[in-house]
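The values are calculated or read from the model by the stated rules, or taken from the named source; none is laboratory data. Please read these numbers as outputs of a predicted model, since none were measured by experiment. All Cβ positions, glycine included, derive from the backbone under ideal geometry; neighbour counts span all protein chains shown.
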Amino acid sequence: MKMKKLFAGLLACAMMASLAACNGNTESTSGDLPEIGVCIYKYDDNFMTYTRQAMETAAEGKAVLNMNDSANDQAKQNDQVDTLINKGVKALVINLVDPEAAPTIAEKAKAANIPLVFINKEYPDGTDKIDYDNCVYVGTRSEESGIIQGELIASAWEANKADWDKNGDGKIQYVMLKGEEGHPDAEARTTYSISTLNDKGIETIELGLQSATWDSALANNLMETWLGKFGDEIEMVIANNDGMAMGAIEALKVAGYFGDDGKYMPVFGVDALPEALDLINAGEMAGTVLNDPLGQGGAAVDLAVNYANGKEVLADTDWTLDDTKAVRVPYVGITLDNMDVAKTAYGLN
Ligand code: BGC
Ligand code: CA
């Protein structure tokens, strides 16, 4: 009896035009919108969470996004890409776990003839070196964030040297919280923030430099260790992103900074997360660099939708591709004076 019922059910299903209606796949109710497969290197990343939300918003009425958390595991992401390809998505948007895996993912997409947009983690050799025509990158110019952060630090240092140069030697004794090793943004920010300062004639002394892989909690631990080791010798904290800057600020508070007795430490980040803007407002963060999630998320969706609809990748957009097949959304230095720019880019205005 049971079998009979099941069989009847299956038959009814088979008779319906769409099999999807039988397996409860809600995406089939989205009309004619193309499905785009998306993999995010890990959901547990402050900045990528904002970018992911920006993509969802940008896709409304244009595409259905099939979103996947690659959980910081490249092998897992490779499997997710295989599944999305088998499912027949019309385009892929991939935030790599390992930037070096770009050619492997591109090979899969090419074999299935599915166009591909990489975001946020750029193939270090350049997207133009990947053997697939229908493949572009949407992100930023990594050096730019380091240069802007360096310029921001330089002008703040000049203005506050009397207070900030605690040992009076004219040099900045700093600790550097680096992002993920091998990530183009982390490498460039670490190098260019300091070289920009030095090019302007500001001397620097590195007390500590270590990767906290973009992560607040790890940065908090590192800062605690550095405070234990160097104490008041530290004159500045430079972080490759706001998430790590925020972790450092927590450790600094525990050590008595930003309290009533006026003990202060300049901390600089990158991203201009809404949480970081609050800290700048509170005088607990000195500056950051806007990494625009609406801009990058929006561009990624626009290009993927064009691909999915068989159009020229830049059709009806204002974006351009550089000679490495990359769309580069500009960074902007952010201090107390221009926080509105960052609020708009995070959809807060
Ligand atoms: C952001 C970081 C983020 C990383 C993820 C960078 O561009 O500044 O906050 O963790 O991308 O890949
Ligand atoms: Ca000094």
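Here's a check for you: in the range 221-273, which residue that is surrounded by 21 or more Cβ atoms within 10 Å (Cβ to Cβ) and among the polar types (S, T, N, Q) is farthest from the chain's Cα centre (by Cα)?
This residue is Asn240.
If Glu151 meets every condition in (1) away from ligand 1 (no atom under 16 Å from the Cβ); (2) assigned by TED's automatic domain parsing to the domain that holds Asn95 apart from one, which number is that one?
Of everything listed in (1) away from ligand 1 (no atom under 16 Å from the Cβ); (2) assigned by TED's automatic domain parsing to the domain that holds Asn95, Glu151 misses just condition (2).
So which residues in the range 280-303 are among the hydrophobic types (A, V, I, L, M, F, W, C) and crowded, with 21+ Cβ neighbours inside 10 Å, if there are any at all? Before the answer, list the steps.
Step one: filter the range 280-303 for residues among the hydrophobic types (A, V, I, L, M, F, W, C), giving 280, 282, 285-286, 289-290, 294, 299-301, 303.
Correct list: Ile280, Met285, Ala286, Val289, Leu290, Ala299, Ala300, Val301, Leu303.
Which is part of a helix (DSSP H, G or I) and either assigned by TED's automatic domain parsing to the domain that holds Ala154 or in contact (Cβ under 8 Å) with a residue 24 or more places away in the chain (or both), of Met176, Met265, Met223? Reasoning before the result, please.
Details: Met176 fails: part of a helix (DSSP H, G or I); Met265 fails: part of a helix (DSSP H, G or I).
It is Met223.
Only one of these conditions is not met by Glu144: (1) touching a residue at least 60 places away in the same chain (Cβ under 8 Å); (2) under 16 Å from Gln77 (Cβ atoms). Which number is it?
(2)
Only one of Glu206, Glu151, Glu181 is more than 15 Å from ligand 2 (Cβ to nearest atom), surrounded by fewer than 20 Cβ atoms within 10 Å (Cβ to Cβ) and free of Cβ contacts under 8 Å to residues at least 40 places away in the same chain; which? Let's see the steps before the verdict.
Details: Glu206 fails: more than 15 Å from ligand 2 (Cβ to nearest atom); Glu151 fails: free of Cβ contacts under 8 Å to residues at least 40 places away in the same chain.
Unique residue meeting the criteria: Glu181.
For the range 57-107, which residues satisfy the criterion of being touching a Leu at 6+ places or on another chain (Cβ under 8 Å) and part of a loop (DSSP other than H, G, I, E, B)?
Those that are touching a Leu at 6+ places or on another chain (Cβ under 8 Å) and part of a loop (DSSP other than H, G, I, E, B): Gly61, Lys62, Ala63.
Being touching an Asp or Glu at 6+ places or on another chain (Cβ under 7 Å) and within 16 Å of ligand 1 (Cβ to nearest atom) is the filter here; which residues of the range 285-309 pass it?
Narrowing the range 285-309 to residues touching an Asp or Glu at 6+ places or on another chain (Cβ under 7 Å): 288, 291, 306.
Within the range 285-309, Thr288, Asn291 qualify.
Any residue that is surrounded by 15 or more Cβ atoms within 10 Å (Cβ to Cβ) and away from ligand 1 (no atom under 16 Å from the Cβ) - is there at least one of those in the range 43-61?
The initial filter retains those residues of the range 43-61 that are surrounded by 15 or more Cβ atoms within 10 Å (Cβ to Cβ), namely 45-55, 58-59.
Filter once more, keeping what is away from ligand 1 (no atom under 16 Å from the Cβ): 58-59.
Scanning the range 43-61, I find at least one residue that is surrounded by 15 or more Cβ atoms within 10 Å (Cβ to Cβ) and away from ligand 1 (no atom under 16 Å from the Cβ), so the answer is yes.
Among the listed residues Asn113, Asn72, identify the single one that is at pLDDT 95 or above, of a type outside the set (Ser, Thr, Tyr) and more than 20 Å from the chain's Cα centre (by Cα).
Numbers: Asn72 fails: more than 20 Å from the chain's Cα centre (by Cα).
Of Asn113, Asn72, the one residue that is at pLDDT 95 or above, of a type outside the set (Ser, Thr, Tyr) and more than 20 Å from the chain's Cα centre (by Cα) is Asn113.
Give the number of residues within the range 184-196 that are closer than 11 Å to Glu144 by Cα and either in the same structural domain as Asp45 (by TED's automatic domain parsing) or within 16 Å of ligand 2 (Cβ to nearest atom) (or both).
The number of residues fulfilling the criteria is 0.
Can you confirm whether the range 240-253 contains a residue that is within 22 Å of Leu277 (Cα to Cα), part of a loop (DSSP other than H, G, I, E, B) and either within 16 Å of ligand 1 (Cβ to nearest atom) or not polar (S, T, N, Q) (or both)? Talk me through it step by step, then tell me what you get.
Start the filter on the range 240-253 by keeping residues that are within 22 Å of Leu277 (Cα to Cα), which leaves 240-253.
Add one more test, that the residue is part of a loop (DSSP other than H, G, I, E, B), and what stays is 240-241.
After this cut, where a residue has to be either within 16 Å of ligand 1 (Cβ to nearest atom) or not polar (S, T, N, Q) (or both) as well, the list is 240-241.
Yes: one or more hits.
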